[in-house]
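Enquirer: For reference, the structure I am asking about is given below.
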Amino acid sequence: MLWTILAIIILLVVAYILFVNFYPTFGGNVSSEKQKIYQSSPNYAHKKFQNLDTSVPPDMSLGETLGLAYKFFTTSVPNGRPAQDLKVQKLTEKELILQNSTQLIWFGHSTFYLKMNGKNILIDPMFGKVAAPHPWLGANRFNSEFPIEIEDLPTVDAVIISHDHYDHLDYDSIKALKEKVKHFYVPLGVGVHLEAWGIKPHMITELDWWQEVMLDDIQLACTPAQHFSGRKIGAEQSTLWSSWVIQSPTENLFFSGDSGYSNHFTAIGEKYGPFNLALMECGQYNEQWSEIHMMPEETAQAGIDLNARAIMPIHWAGFKLALHDWRDPVERVTKASKQLDLPVITPQIGEVIHLNDAASAFDAWWK
């Protein structure tokens with residue numbers, strides 16, 4: 001019996017190693033040469049990137065990870081996902097091209113199309129069905145349709161990525177997009193996944209926190225977040241996570257990526273604010289991982305810290321990745337923001353958001 005159990009364990013380990021090393025969705029590995037380069041970053045030590053707040057717990061142990069996974073897959077959550085696929089507002093390529101003012105279109109979860117100063121920009125373009133390395137390892141997203149399909153998008157001037165988790169960086173989406181995209185902007189290390197998927201190195205710009213780059217007259221600033229990274233066991237924190245500031249000469253947009261609540265929001269607001277609109281993580285939270293995902297009430301306060309004129313809750317209405325009612329994020333953040341006198345916009349997936357009128361009212365479509 002002992003030898004049988006040992007043989008099964010060895011078989012599983014070998015199967016995992018083969019799966020991780022030969023299945024392309026896991027992406028690339030940070031080389032020793034890259035690690036030497038990243039040592040110059042103040043956010044890098046002992047071959048790992050770190051949060052500004054050193055009190056954030058380190059990596060979970062394998063036992064803790066397995067325990068959390070067991071709880072997630074065995075706990076019944078009333079209204080954990082919509083009873084039916086979410087409806088989306090459809091758009092055409094012509095409608096995107098004809099828009100003159102700065103516009104945003106939400107694709108659910110954290111994915112956006114942004115048109116600013118004639119540039120077509122995609123933010124965290126995750127169009128996959130599941131937020132996992134294989135379809136068998138995750139549940140389908142809440143919307144089976146998109147406002148516009150990848151093949152119908154116009155040429156994309158820039159893709160901006162916040163970190164390498166599966167619900168933000170998707171292999172199939174990148175493969176489908178790569179012939180349309182002129183350039184990718186990512187935090188340090190994330191480029192290794194893109195290169196593994198066939199993106200040429202000269203098409204990738206990696207940035208550390210507080211570094212800036214110009215896309216013609218649009219400034220992109222890679223800013224801090226309080227989170228973590230990794231697409232497989234053994235690669236935790238090998239790549240950086242971030243938020244982003246996107247500034248034209250006349251308009252200012254903040255994208256939070258994934259983040260726990262901390263004083264980095266105040267620092268970003270002081271350096272780059274005020275913002276016309278802040279796209280703020282608000283979903284997939286739990287007290288067990290509150291350091292790396294904000295509670296809705298913290299999302300509202302972070303909008304105040306940033307000096308945002310309005311916020312939009314994101315990271316919800318896409319996937320079930322936590323143990324809360326799928327409508328809970330938007331209900332709680334709306335209530336908290338009202339108490340803070342902070343405007344909140346809640347567009348439907350596919351509904352056009354005009355940045356110069358970001359505080360417009362939208363229907364409570366989730367009801």
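Enquirer: For residue 207, which sequence-distant residues (separation of 5 or more, or a different chain) have an amide H within less than 5 Å of its own amide H, given hydrogens modelled in the peptide plane?
Expert: Residues meeting the amide H criterion: 186, 188.
Enquirer: Anything over 32 Å Cα to Cα? Flag those among 71/200; 129/271; 175/338; 47/271; 48/338; 48/119, in the order listed.
Expert: In this structure, 71/200; 129/271; 175/338; 48/338; 48/119 exceed 32 Å between Cα atoms.
Enquirer: For region 139-211, report the % of Cα-Cα distances exceeding 20 Å.
Expert: Beyond 20 Å sits 32 percent of the P(r) for region 139-211.
Enquirer: Between residue 252 and residues 5 or more places away or on another chain, which pairs have amide H atoms under 5 Å apart, with H built 1.01 Å from N, and which residues are they?
Expert: 276, 277
Enquirer: Any idea of residue 251's accessible area? Nearest 10 Å², probe 1.4 Å.
Expert: The value for residue 251 is about 20 Å².
Enquirer: What dipole magnitude, in Debye to the nearest 20, does the chain give about its Cα centre under +1 on Lys/Arg Cβ and -1 on Asp/Glu Cβ? Present the calculation step by step, with values, prior to reporting the outcome.
Expert: On the way: 28 positive and 41 negative charges, 125 e Å.
The dipole magnitude comes to about 600 debye.
Enquirer: Starting from the coordinates of the alpha-carbon atoms of region 33-170, obtain the Kirkwood hydrodynamic radius over all distinct pairs and give the value in Å to one decimal. If you can, show how the numbers build up before the last one.
Expert: Numbers: mean 1/r = 0.0543 Å⁻¹.
With all distinct Cα pairs of region 33-170 included, I get 18.4 Å.
Enquirer: Tell me the label-point distance for the pair residue 75, residue 129, using the 7 Å Cα-to-Cβ offset, in nm and rounded to one decimal.
Expert: Simple spin-label model gives 2.7 nm for this pair.
Enquirer: Sorted by mean Cβ packing within 10 Å, highest first, what order do the peptides 221-233, 327-339, 70-82 take?
Expert: Highest-to-lowest ranking by the protection proxy: 221-233, 327-339, 70-82.
Enquirer: Could you calculate the contour length gain from residue 362 to residue 236, that is, 0.36 nm times the residue separation minus the distance between their Cα atoms, to one decimal place in nm?
Expert: 41.5 nm
Enquirer: Treating the angle as unsigned and between 0 and 90°, give the value, to the nearest 10°, between the Cα long axis of helix 62-74 and the longest Cα principal axis of the chain.
Expert: Once rounded, the angle reads 60 degrees.
Enquirer: Also, I was wondering about something else. Along the positive direction of the dipole of region 268-367 (beta-carbon charges: Lys, Arg +1; Asp, Glu -1; about the Cα centre), which of 310, 274, 362 reaches farthest?
Expert: Going by the Cα projections, it comes out as 362.
Enquirer: Residues of the chain: accessible area per residue at 1.4 Å, in Å²?
Expert: Here the per-residue accessible area is 46 Å².
Enquirer: Right, here's the next one. Using the C-alpha atoms of region 319-360, what convex hull volume per residue, in cubic angstrom, is computed?
Expert: Residue-normalised Cα hull volume stands at 89 Å³.
Enquirer: Determine the equivalent ellipsoid of region 104-188 by diagonalising the alpha-carbon gyration tensor, then write out the semi-axes as square roots of 5 times the eigenvalues, largest first, rounded to whole Å.
Expert: With the √(5λ) rule applied to region 104-188, the semi-axes are 21, 14, 11 Å.
Enquirer: So, in Å, what gap is there between the alpha-carbon centers of region 193-234 and region 77-121?
Expert: Distance between centres, Cα-based: 22 Å.
Enquirer: Could I ask something else about it? By average Cβ neighbour count within 10 Å, what is the ranking of 268-275, 150-157 from highest down?
Expert: Highest-to-lowest ranking by the protection proxy: 268-275, 150-157.
Enquirer: Let me ask something else. Considering the Cα trace of region 168-303, what is its radius of gyration and what is Dmax, both in angstroms?
Expert: Rg, Dmax (Cα atoms, Å): 15.5, 44.
Enquirer: Follow-up question, since we're still on this one. Using DSSP to define loop residues, name the trypsin sites (Lys or Arg not before Pro) in region 134-211 whose beta-carbon has at most 13 other beta-carbon atoms within 10 Å.
Expert: Answer in residue order: 182.
Enquirer: Before rounding to the nearest 500, sum -39500 (n - 2.57) across all DSSP H runs of length at least 4 in the chain and divide by the residue total; then give [θ] at 222 nm in deg cm²/dmol.
Expert: Mean residue ellipticity at 222 nm (helix-derived): -7500 deg cm²/dmol.
Enquirer: Which of the aspartates and glutamates could be linked to residue 335 by a straight reach, that is with a Cα gap under 18 Å, when you skip same-chain ones fewer than 8 residues away?
Expert: Here the aspartates and glutamates satisfying the reach criterion relative to residue 335 are 281, 297, 298, 305, 325, 363.
Enquirer: Whose amide H sits under 5 Å from the amide H of residue 223, counting only residues 5 or more places off or on another chain, with H placed in the peptide plane?
Expert: Placed amide hydrogens put 210, 243, 244, 245 under 5 Å from residue 223.
Enquirer: If I compute solvent accessible area with a 1.4 Å probe over the protein chains, what percent of it on region 211-324 is carbon and sulfur?
Expert: Result for region 211-324: 48 percent of the exposed heavy-atom area is carbon or sulfur.
The values are calculated or read from the model by the stated rules, or taken from the named source; none is laboratory data. Because the structure is predicted, anything quoted here is derived from the model rather than measured. Note that each Cβ is placed from the backbone with ideal geometry, even for glycine, and that neighbours are counted across all protein chains shown. Remember, those area values only see protein heavy atoms, side chains included, never the ligands or the DNA or RNA. Shrake-Rupley method; radii C 1.70, N 1.55, O 1.52, S 1.80 Å.
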